[in-house]
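The values are calculated or read from the model by the stated rules, or taken from the named source; none is laboratory data. Quantities reported herein were computed from a predicted structural model and do not represent experimental measurements. So basically every Cβ, Gly included, is an ideal-geometry build from the backbone, and we count neighbours across all protein chains shown.
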Number of protein chains: 2
Amino acid sequence: MESDLITWLRRRLPPHPLLRLGPGDDAAVLRMAGLAECAVTVDMLSDGVDFQLNQIDPQRAGRKALAVNLSDLAAVAARPLAGVVSVCLPRSGGGELAKALVEGMLPLAEKYDVAIAGGDTNSGDGPLVISITLLGAVSERGPLRRDGVRLGDRILVTGALGGSLLGRHLDFEPRVREALLLHERYRLHAGIDISDGLSVDLAHLAEASGCGAVLHTTNVPIHDDARRLARDRADGPSPLDRALHDGEDFELILAVPPAVAETLLAEQPLDVPLTDVGEFVAEPGLWQVDVRGARRELVPRGWEHQL
Amino acid sequence: MESDLITWLRRRLPPHPLLRLGPGDDAAVLRMAGLAECAVTVDMLSDGVDFQLNQIDPQRAGRKALAVNLSDLAAVAARPLAGVVSVCLPRSGGGELAKALVEGMLPLAEKYDVAIAGGDTNSGDGPLVISITLLGAVSERGPLRRDGVRLGDRILVTGALGGSLLGRHLDFEPRVREALLLHERYRLHAGIDISDGLSVDLAHLAEASGCGAVLHTTNVPIHDDARRLARDRADGPSPLDRALHDGEDFELILAVPPAVAETLLAEQPLDVPLTDVGEFVAEPGLWQVDVRGARRELVPRGWEHQL
């Protein structure tokens with residue numbers, strides 16, 4: 001990494017009790033005593049795919065790069081610990097861009113107590129590429145996995161879905177606290193975060209667990225942004241289709257035993273709503289039941305990077 | 001990550017006792033019990049800067065991406081544990097390229113017992129970008145830092161330097177075993193690996209420790225590749241200049257108390273030679289002493305990415 005940037009980083013990054021050795025050496029060193037299991041996740045974002053630097057403040061890109069990783073830790077119910085950041089910068093203005101990216105990360109890092117432990121920069125002729133690796137502490141209950149669904153489990157989702165392109169795909173709140181609270185207090189069987197879309201990620205969860213899933217589409221919580229987008233683009237997808245397929249909601253899908261689901265829905269222990277959107281079934285595949293009770297196949301549609 | 005690639009990875013990656021949860025979930029989970037301190041390092045490489053994919057087998061690029069990270073762990077004397085890989089792939093042929101990169105990593109991962117725990121892919125219009133984050137176990141002696149040099153310490157280097165462009169910059173052996181052995185058996189004060197070049201990295205070591213360094217240039221071990229390159233490019237740098245500045249040698253520079261240096265030079269406990277190339281001094285800066293004993297400033301020159 002260029003030495004100006006390292007000097008700036010060493011001054012700018014807050015100290016953190018986890019860091020025995022912070023940025024500036026060949027590797028950072030983290031205090032890990034007492035940690036039985038460590039979650040590791042990496043996400044790589046790039047300009048033109050995950051954000052458009054010519055349309056947004058680069059701080060929002062930096063924030064998103066950290067937030068998507070936090071969302072991955074939330075998906076396995078791990079408490080964020082520390083992260084390292086690598087960026088491939090444009091040849092001119094790269095230093096300033098790197099600083100803006102870090103500035104965008106810092107409030108989120110502070111909020112979730114993440115030690116920014118180090119990084120690396122490269123430069124090239126291509127678009128900005130940013131990769132963050134986060135480490136998290138897995139609780140004594142173990143990680144919340146994708147493959148733990150049991151037949152009959154209810155499908156719960158946090159928040160409301162669809163239309164994230166209006167801005168939430170950048171500024172969403174990763175459901176870290178929600179995942180930790182639920183995993184600690186309730187018996188969850190499996191979980192995933194919604195990055196590609198409810199349909200695709202629910203299909204991932206079912207597939208990993210060797211079962212199928214039935215969505216009651218009338219129960220799917222539709223975000224106002226989905227309605228707004230549908231109104232503004234009359235020839236585009238309906239609000240429901242947006243909630244099912246838009247993606248980048250970064251809400252959680254949880255597989256929960258029916259009795260636990262009942263308790264959760266009654267208690268609503270989060271600041272965001274928990275909604276029951278269906279159940280897991282033996283027959284593999286993804287199914288939808290509409291308002292008339294008719295059941296038909298639901299084809300998962302991935303996020304199409306249509307910024 | 002695209003699901004074909006995940007399926008392939010889950011089949012291809014060998015099981016590893018560290019992995020409680022491997023690739024395919026939102027995060028990997030590593031067993032870390034008993035580990036007091038964890039080193040974390042990240043390096044990002046890109047096509048056109050760190051390798052030229054139109055000239056080499058992509059497996060060599062994958063190998064290098066892992067090897068430079070292993071070299072960073074060697075520099076702090078940490079034992080490699082696990083890593084995650086993220087790649088920004090070209091829009092066409094990305095899947096095959098990703099597999100080739102992984103195939104290039106696997107023999108090295110096996111050799112150094114690194115669990116490949118997970119990854120992420122993205123795609124774009126730019127050149128291939130690959131980022132690897134490695135975790136390592138720090139021994140009870142703590143990490144080998146850059147800022148531990150004491151006045152009068154000898155400067156030792158492993159191996160021979162210069163001319164890595166002839167191929168060693170891709171196929172070098174990271175000095176992991178050497179660093180672990182030396183750190184365990186001898187009292188080392190500080191260390192760094194040579195990525196940018198002996199002059200630049202020695203200056204880093206001295207600066208981090210608040211001192212200066214004097215290089216006895218006649219003692220610098222010059223690699224045959226440096227001589228070969230100098231012969232082939234008569235108007236280019238001399239063999240010594242190549243050894244001082246070419247970079248990407250990925251050998252170690254160590255700061256060692258004089259008595260320990262004497263023992264090390266007599267015992268030569270490694271398969272590669274250890275050479276005394278000078279000493280650390282109070283006066284900040286980088287100095288060279290030539291064959292006639294004349295001392296003058298040595299201007300550190302970074303690696304110029306001239307593939």
*asked:* Just to check your reading of the model, which residue among A:Ala230, A:Ala226, A:Ala243 is assigned to a helix (DSSP H, G or I), more than 22 Å from the chain's Cα centre (by Cα) and assigned by TED's automatic domain parsing to the domain that holds A:Ala206?
replied: A:Ala230
*Just give me the residues in segment A:101-112 being more than 12 Å from A:Leu5 (Cβ to Cβ) and not acidic (Asp, Glu), in sequence order.*
A:Gly104, A:Met105, A:Leu106, A:Pro107, A:Leu108, A:Ala109, A:Lys111, A:Tyr112
*If a residue has to be crowded, with 22+ Cβ neighbours inside 10 Å and either free of Cβ contacts under 8 Å to residues at least 24 places away in the same chain or touching a strand residue (DSSP E or B) at 6+ places or on another chain (Cβ under 7 Å) (or both) to count, how many in segment B:183-202 make the cut?*
10
*Within segment A:126-143, can one find any residue that is modelled with pLDDT of 95 or more, within 15 Å of the chain's Cα centre (by Cα) and under 30 Å from A:Ala234 (Cβ atoms)?*
no
*Condition test on A:Gly236, is it more than 23 Å from A:Ser71 (Cα to Cα), assigned to a loop (DSSP other than H, G, I, E, B) and in contact (Cβ under 8 Å) with a residue 60 or more places away in the chain?*
no
_Looking only at segment B:6-63, filter to residues that are among the β-branched types (Val, Ile, Thr) and part of a strand (DSSP E or B); which one of those is nearest to B:Glu103 (Cα to Cα)?_
B:Val42
*Can you name the residue in segment A:159-198 that is in contact with a Ser or Thr (Cβ under 9 Å, 6 or more places away or on another chain) and hydroxyl-bearing (Ser, Thr, Tyr) and is also farthest from B:Asp120 (Cα to Cα) among such residues?*
A:Tyr186
*Flag if A:Ala213 is part of a helix (DSSP H, G or I) and either touching a residue at least 60 places away in the same chain (Cβ under 8 Å) or in the same structural domain as A:Glu248 (by TED's automatic domain parsing) (or both)*: no
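Residue-wise test of (1) more than 8 Å from every other protein chain (Cβ to nearest Cβ); (2) surrounded by 21 or more Cβ atoms within 10 Å (Cβ to Cβ); (3) over 30 Å from B:Leu182 (Cα atoms).
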{"site": "B:Trp8", "(1), (2), (3)": "yes, no, yes"}
{"site": "B:Val42", "(1), (2), (3)": "no, yes, no"}
{"site": "B:Gly48", "(1), (2), (3)": "no, no, yes"}
{"site": "B:Leu66", "(1), (2), (3)": "yes, yes, no"}
{"site": "B:Asp72", "(1), (2), (3)": "no, yes, no"}
{"site": "B:Gly95", "(1), (2), (3)": "yes, no, yes"}
{"site": "B:Glu103", "(1), (2), (3)": "yes, no, yes"}
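Here is a yes/no grid of residues against (1) among the basic types (Lys, Arg); (2) in the same structural domain as A:Leu205 (by TED's automatic domain parsing); (3) under 22 Å from A:Arg20 (Cα atoms):
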site	(1), (2), (3)
A:Ala75	no, no, no
A:Arg79	yes, no, yes
A:Ser92	no, no, no
A:Glu103	no, no, no
A:Gly119	no, no, yes
A:Ile130	no, no, no
A:Arg145	yes, no, no
A:Gly148	no, no, no
*Within segment A:75-89, identify whether any single residue is out of contact with any Cys (no Cβ under 7 Å at 6 or more places or on another chain) and either free of Cβ contacts under 8 Å to residues at least 12 places away in the same chain or of a type in the set (Asp, Glu) (or both), and answer yes or no.*
no
_Residues that are of a type in the set (A, V, I, L, M, F, W, C) and crowded, with 22+ Cβ neighbours inside 10 Å, drawn from segment A:139-169_ = A:Leu144, A:Val149, A:Ile155, A:Leu156, A:Val157, A:Leu161
*Would it be correct to say that B:Val291 is hydrophobic (A, V, I, L, M, F, W, C) and modelled with pLDDT under 95?*
yes
*asked:* So in segment B:246-285, with the set limited to residues that are touching a strand residue (DSSP E or B) at 6+ places or on another chain (Cβ under 7 Å) and assigned to a helix (DSSP H, G or I), which one is surrounded by the fewest Cβ atoms within 10 Å (Cβ to Cβ)?
replied: B:Pro258
*When residues of segment A:122-176 are filtered for being of a type in the set (A, V, I, L, M) and within 11 Å of another protein chain (Cβ to nearest Cβ), how many remain?*
9
*Is it the case that some residue within segment B:83-92 is touching a strand residue (DSSP E or B) at 6+ places or on another chain (Cβ under 6 Å) and part of a loop (DSSP other than H, G, I, E, B)?*
yes
*Just wondering, is there one or more residues in segment B:53-64 that are within 14 Å of chain A (Cβ to nearest Cβ), within 16 Å of A:Val40 (Cβ to Cβ), crowded, with 19+ Cβ neighbours inside 10 Å and modelled with pLDDT of 95 or more?*
no
*Could you check B:Ala36 against (1) facing chain A (nearest Cβ under 10 Å); (2) surrounded by fewer than 20 Cβ atoms within 10 Å (Cβ to Cβ); (3) within 20 Å of A:Ser131 (Cβ to Cβ) and say which number it fails?*
(3)
